[in-house]
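Taking it in order: structure first as structure tokens, then the write-up.
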Amino acid sequence: MFSVDRQSFQSLSALALFTFAFLGSEFFFDSQIGLLISAEGVVGAQAMILGASVVGFLAYAPISKLAGGRRALRAVEAVGAIAALVTIAVMESALAMQIAGCIAFFLLGSLGAEAHWSMARAFEGSPSLAKGAGAAYAAGILLQFLSNQFVPAGMASAAVLCVGVAALAVFAAAGERDGESAGQKSDGTTGEHAGGTAATKSSRQITRQEQSIRASRAAADSSQQSAPGGAKTAIRAVWLLALVVLLACMFSTLDNVVTLANAQGSISVETWPRLFLAASGLAAGVLFDIRERRYMGFIMFAVTVLSTISILAIEAGASPVIGLIVFYVSSGFFVTFFTTTFLQLAPRMHTPQLWAGMGRAANNLCAFTVSGVSMMLTQSGIAAVMIASLILFVLVSVAFVGAGLFRLPSTVGEREAIQAGLAAAAAPTLEEMQAEFISRSGLTPREEEVLRAVTADERPLKQVADDLGISLRMVQRHLTSIYSKTDTQTRAGLTRAFFGK
């Protein structure tokens with residue numbers, strides 16, 4: 001079930017608007033600066049702005065901490081990004097345009113980090129996290145598609161992007177406000193739990209299934225961490241970062257193979273294939289969320305195998321159309337994968353605000369650092385591409401294993417069974433309960449002896465007296481005292497109390 005309340009809607013909207021504003025601004029920047037410099041220069045200029053966005057993602061957490069997390073910061077970032085986009089639209093100097101682009105994408109990176117953190121808070125422990133990530137990505141792609149189709153290039157396109165950035169800031173600030181209020185209601189703080197695990201809890205009404213999932217996951221997480229952001233979680237985060245970088249390299253290679261085929265006239269890449277990105281993002285969200293994302297790693301690995309085969313097939317002479325389809329489909333899965341993975345991981349880290357958007361930051365960092373190398377490799381020959389693709393595939397496989405994505409995580413039922421077993425193991429034994437009952441009641445040694453005798457079976461009191469070597473009257477006197485001390489009135493009631501029934 002994919003239920004959406006106010007905070008969930010705000011976080012989904014913020015993430016969708018970030019996708020639209022980021023990708024749309026990247027396309028807009030490339031188009032504008034392409035009027036002033038060569039195609040090779042555009043590749044370098046694009047790498048610079050992507051690098052600036054990575055800095056923005058990483059700077060979000062410390063800047064927000066210094067600013068006290070004030071929502072006014074989101075407004076300043078939005079105004080700065082809008083001013084930079086307008087500058088790109090009107091400037092006729094490539095250097096000034098490059099500077100404005102770096103400023104715009106630094107600020108967009110910070111806003112994007114806030115959008116991801118808002119999503120992590122709203123969907124923490126939710127069984128629909130991947131669906132939310134896929135839906136937000138698909139919505140952003142559709143907005144960009146409509147903008148490219150119906151909005152003229154130039155100032156009109158800049159105006160639409162400015163509206164998108166302003167809306168992004170509004171929804172991000174709204175999510176921040178709701179997150180703070182939820183945190184204050186839950187623990188009276190500004191929204192962060194001690195140790196920096198999960199900063200806030202959503203105040204929304206959740207289903208019994210979601211409550212069960214959250215409780216069991218919290219128990220599982222606490223058993224894996226000796227301290228907040230424990231060593232196991234930190235090691236897994238490093239492996240996941242390595243995996244995202246390697247996958248980004250692989251999909252960049254596939255992208256370059258398709259781009260080269262398009263430049264050679266083998267295929268024609270128009271705007272409409274981007275709709276595959278939206279469709280694949282939605283499909284990935286649905287598939288990843290099966291049984292609480294139990295098979296997400298296996299599904300993503302299968303997509304990686306398909307992409308590798310596609311690269312090898314195209315280099316061996318297969319139709320580049322195959323690569324085009326596989327690229328757009330696999331890219332949607334990849335974005336949904338790294339978004340979901342780090343949104344899920346972030347609340348367990350020491351600095352959750354930093355890690356929520358780390359998947360996007362790692363992807364942009366890879367695009368910034370290896371896109372040129374990847375293009376040179378693509379142009380260097382069939383053998384080089386095939387060898388590099390196979391090496392990448394081996395490294396990706398190692399990263400999948402290191403990140404633990406080939407281990408099936410436990411389901412809610414399995415975790416509940418484990419918790420029930422632990423609870424049963426920790427429960428006191430019957431002997432311990434009876435000893436505590438005797439101690440609590442203040443029984444004398446002789447009264448304890450009578451108690452055990454009369455509750456052991458249904459023997460007549462005369463036989464109990466004979467077995468104990470005392471008179472019947474003495475047994476009755478001890479039994480009366482026992483009834484008084486244990487607040488019972490009958491032999492049957494005493495037996496039930498003694499055996500904890």
Legend entry - Spherically averaged projected area in nm², based on the convex hull that wraps the Cα atoms of segment 33-134: 7.8
Inset, instruction - Enumerate the calculated ³J(HN,Hα) couplings along segment 479-485 in order (Karplus 6.51 cos²θ - 1.76 cosθ + 1.60, θ = phi - 60°), each rounded to whole Hz, writing x wherever the residue is Gly or Pro. - result: 5, 4, 5, 5, 4, 5, 6
Inset, instruction - Figure the gain on full extension for A39 and F9 (residue separation times 0.36 nm, minus the Cα-Cα span) and round it to one decimal in nm. - result: 6.8 nm
Legend entry - Gain in span if fully extended, M433 to A159, counting 0.36 nm per residue against the direct Cα distance: 91.3 nm
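Where a number appears in this text, it was derived from the coordinates with a stated rule and is not lab data. Fair warning: this is a prediction, and the values are worked out from it, not measured in the lab.
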